[in-house]
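Here the structure comes first, spelled out in structure tokens, and everything after it is commentary.
Every number here is computed from the coordinates shown, using simple stated rules; none is lab data. Computed from a predicted structure; not experimentally measured. Because the Cβ atoms are built from the backbone with ideal geometry, glycine has one as well, and the counts that use them run over all protein chains shown.
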Amino acid sequence: MARSRRTIRSLSELDAMADNLAALNNKKIKVGVFGADSAEMVMIATVHEYGTEITVTDKMRGWFAYQGYPLKKETTKIVIPERSFLRSGFDENIDDITDKMKRMMTDVIDGNIDQDVFFNAIGLEFAGLIQKKLRDLRDPADSSMTTVRKGSSNPLIDSGRLVGSIRHEVE
């Protein structure tokens, strides 16, 4: 990446640049599913991100049997496998996001791009990339029962609420 050169013509210009740079200090962009929006979506995102095991109860056995999928007696746990979309989406996209931030930084420091606009643009783009990762994820696949019930082969798409809950915050 080529370095940008700029000629500073006055101390007030330098002061303005220093102020713009200082405004960036301690700002954070967070991307994910936030509890303030929906504790249920945070729980669903966490289950899919890390996977979980659910102990089978008699009530669950009855529900599965009623749905036409009786569980074997030896089945004591339902396993929902890890389907990372947040961590893997971050890892797969951080280099591109970092490059974009570097490209925009000169304009931010020069005052040509407002800091809030900069942070929100980066956050929106990163959230969109995480949403794309969630929509594109296919492995590990859902169980056949789940695929039939929801009518989709994407293990993380059912109603669309999870993908819609991914957003960004600037602190």
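The figures follow:
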| item | result |
| --- | --- |
| Check on K100, of a type in the set (K, R), in contact with a Phe, Trp or Tyr (Cβ under 6 Å, 6 or more places away or on another chain), part of a helix (DSSP H, G or I) and surrounded by 12 or more Cβ atoms within 10 Å (Cβ to Cβ) | no |
| All strands (runs of 3 or more DSSP E) inside region 18-83 with 3 or more residues being without any contact (Cβ under 8 Å) to a residue 40 or more places away in the chain | 52-55, 77-80 |
| Selection status of Q115, surrounded by 14 or more Cβ atoms within 10 Å (Cβ to Cβ), closer than 20 Å to V47 by Cβ, among the polar types (S, T, N, Q) and touching a residue at least 12 places away in the same chain (Cβ under 8 Å) | no |
| Residues being in a helix (DSSP H, G or I), under 22 Å from E125 (Cα atoms) and small (G, A, S) - total across region 135-171 | 1 |
| Any hit, region 140-156, residues being hydrophobic (A, V, I, L, M, F, W, C), surrounded by 14 or more Cβ atoms within 10 Å (Cβ to Cβ) and under 14 Å from the mean Cα position of the chain (by Cα) | yes |
| Every residue from region 29-64 that is out of contact with any His (no Cβ under 7 Å at 6 or more places or on another chain), loosely packed, with under 14 Cβ neighbours inside 10 Å and among the basic types (K, R) | K59 |
| Cβ pairs under 8 Å, 6+ apart, first in region 133-152 and on the phi < 0 side of the Ramachandran plot, second surrounded by 14 or more Cβ atoms within 10 Å (Cβ to Cβ) and polar (S, T, N, Q) | K133/S88; K133/N93; R135/N154; L137/N154; R138/N154; A141/T147 |
